[in-house]
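What follows is a single structure, written as structure tokens, with notes after it.
Just so it is clear, none of the values below were taken in a lab; they were calculated from the coordinates. Note that the structure is a prediction, hence the values are computed from the model and not measured. Here the Cβ positions follow ideal geometry from the backbone for every residue, glycine too, while neighbour counts run over all protein chains shown.
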Amino acid sequence: MPKQHIEGLLTRLHEKFADSETSPEQEALMEQLQSQLASWEGPSPPDGSVVTTAEMLLEELNERHPHLSSVLREIINTLSASGI
């Protein structure tokens, strides 16, 4: 199930995120993403913006934190494959 896979990826992302130096903006986006994914119960998120949040976080992390970016890309790909 995509939700279970995403929850596993989110756990990996959170662990790697905790070990990295991040900005307050990145931390706020991470919290927002976690909140949106935690409330996801069906084929589409309640507010439809979880992919936008993930893409914004990816843009913030891409250059300085490639280890975080790879997990985030996998989350985005899984959401896309789920039709979101």
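For the peptides 49-58, 17-26, residues were scored by their other Cβ atoms within 10 Å and the scores averaged per peptide; the highest-first order is 49-58, 17-26.
Relative to the longest principal axis of the Cα atoms of the chain, the long axis of helix 2-18 makes an angle of roughly 10 degrees. Helical runs (DSSP H, four residues minimum) scored at -39500 (n - 2.57) apiece and divided by the length of the chain put the mean residue ellipticity at 222 nm at -23500 deg cm²/dmol. Normalising the average separation of contacting C-alpha pairs (under 8 angstrom, six or more residues apart) by the number of residues puts the relative contact order of the chain at 41 percent. Between Glu55 and Asn77, the distance separating the two model label sites (each 7 Å from Cα on the Cα→Cβ line) works out to 1.8 nm. Over the chain, the pair-distance histogram of Cα-Cα distances with 10 Å bins from zero comes to 18, 59, 21, 1 percent, rounded to whole numbers. For the chain, the longest principal axis of the C-alpha atoms and the axis of helix 66-81 are separated by about 10°.
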